Amino acid sequence: MSLVTELILSADSEARYPAPKELRIFQDFVKTGEQRVRIAKALAANEQRIVQNGSQKFWERCPNTPSNSGVDRKTASCQRDQGWYVRLIAYSILAGSERPLEDIGTVGIKEMYNNLEIPIRNIAECMRCLKEEAMAVLSDEDAQEVAAYFDLIIQSLS
């Protein structure tokens, strides 16, 4: 759900017009639109690089992990999931809200990886590696925006 949708639904549920503070939030959303689109494009264009380099960095830090077991299916599944998180962050940035990431990407994340018998600390470290690689392809200002979304995933694994 986008920030705009959230604002409208909130006001509508209370049968009122958006408050001045909500209108300022909407104005800020519009003002940052170009940056949000730029970030999403950069993440999309560099997703493969972020995942490949992030995986290499992760395997250096955590060599004994299912994604580095020599089983191609496990490696492909793990990298598919990593790409999915990069895309989900891009979607959340476009929406101007952490809500898509929270609703889709962090609910049940620990339980899922525990059920797959993948150490949670490994997933958290992998997300740190992806974050580092994403930061490397973005300007400082854009990287700062993206970092908060990766941090949300990492915190949900704590």
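The values are calculated or read from the model by the stated rules, or taken from the named source; none is laboratory data. None of the values given here were measured: they were computed from a predicted structure. Because the Cβ atoms are built from the backbone with ideal geometry, glycine has one as well, and the counts that use them run over all protein chains shown. The accessibility values were calculated without ligands, DNA or RNA, using every heavy atom of the protein model including side chains. Shrake-Rupley method; radii C 1.70, N 1.55, O 1.52, S 1.80 Å.
Annotations for the structure displayed:
- Identity of the residue in the range 85-134, under 24 Å from Arg36 (Cβ atoms) and out of contact with any helix residue (DSSP H, G or I) (no Cβ under 8 Å at 6 or more places or on another chain), that ends up least open to solvent (accessible area, probe 1.4 Å): Asp103
- Residue tally, condition over 14 Å from Ser97 (Cα atoms), assigned to a helix (DSSP H, G or I) and of a type in the set (Ser, Thr, Tyr), over the range 1-21: 2
- Checklist (1) within 30 Å of Leu7 (Cα to Cα); (2) outside any helix (DSSP H, G or I); (3) more than 12 Å from the chain's Cα centre (by Cα) applied to Asn64, failing item: (1)
- Among the residues listed as Arg49, Arg73, Arg24, the single one being farther than 24 Å from Ala95 by Cα, assigned to a helix (DSSP H, G or I) and open to solvent by 80 Å² or more (accessible area, probe 1.4 Å): Arg73
- Filter result for Arg38 (open to solvent by 40 Å² or more (accessible area, probe 1.4 Å), outside any helix (DSSP H, G or I) and modelled with pLDDT of 90 or more): no
- Considered as a group, the residues in the range 135-151 that are assigned to a helix (DSSP H, G or I) and open to solvent by less than 30 Å² (accessible area, probe 1.4 Å) include one that is nearest to Asp103 (Cα to Cα), and that residue is Tyr149.
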